[in-house]
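The values are calculated or read from the model by the stated rules, or taken from the named source; none is laboratory data. These numbers were taken from a predicted model, which means no experiment stands behind them. Note: ideal-geometry Cβ built from the backbone for every residue, glycine included; neighbour counts use all protein chains shown.
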């Protein structure tokens, strides 16, 4: 089963079938922040929520991490459930260094 972008719709199993999946790019830096922001604005959360697939992320800077914080807060205000699919080590490390783990609902092992 695939979502509208042709990507796997259920990275977390059958329970995630109706969730919208957003696959994050490898490079998420300030030069891409405007395009990324527009992409997030276009997302309409399903009743089941949103899955953020961070498995490909190699670089994420503060500006994009802040956009994600705002996006997640907006979804929370709409009672949408946000979950992560395989966040990369680089993503987790950067989020931890920025002190945004709880804001991004992303727990790291370290």
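Just to verify a result, which residue in region 79-92, among those that are closer than 14 Å to residue 28 by Cα and assigned to a helix (DSSP H, G or I), is farthest from the chain's Cα centre (by Cα)?
Among those that are closer than 14 Å to residue 28 by Cα and assigned to a helix (DSSP H, G or I), it is 90.
Restricting the search to region 18-34, which residues are assigned to a strand (DSSP E or B) and surrounded by fewer than 16 Cβ atoms within 10 Å (Cβ to Cβ)?
In the first step, residues of region 18-34 are kept if they are assigned to a strand (DSSP E or B); the result is 20-23, 27-28.
27, the sole residue that qualifies.
Spot the failing condition for residue 61; the list is (1) out of contact with any strand residue (DSSP E or B) (no Cβ under 6 Å at 6 or more places or on another chain); (2) under 22 Å from residue 19 (Cα atoms); (3) modelled with pLDDT under 95, and only one is missed.
(2)
Scan region 35-78 residue by residue and report those that are within 18 Å of residue 102 (Cβ to Cβ) and part of a loop (DSSP other than H, G, I, E, B).
Of everything in region 35-78, just one residue is within 18 Å of residue 102 (Cβ to Cβ) and part of a loop (DSSP other than H, G, I, E, B), namely 54.
Would you say residue 19 is modelled with pLDDT under 90 and touching a strand residue (DSSP E or B) at 6+ places or on another chain (Cβ under 7 Å)?
Here the answer is yes, as residue 19 does meet what is asked.
Looking at (1) outside any helix (DSSP H, G or I); (2) over 22 Å from residue 20 (Cα atoms), find the lone condition where residue 105 falls short.
Going through (1) outside any helix (DSSP H, G or I); (2) over 22 Å from residue 20 (Cα atoms) one by one, residue 105 breaks only (2).
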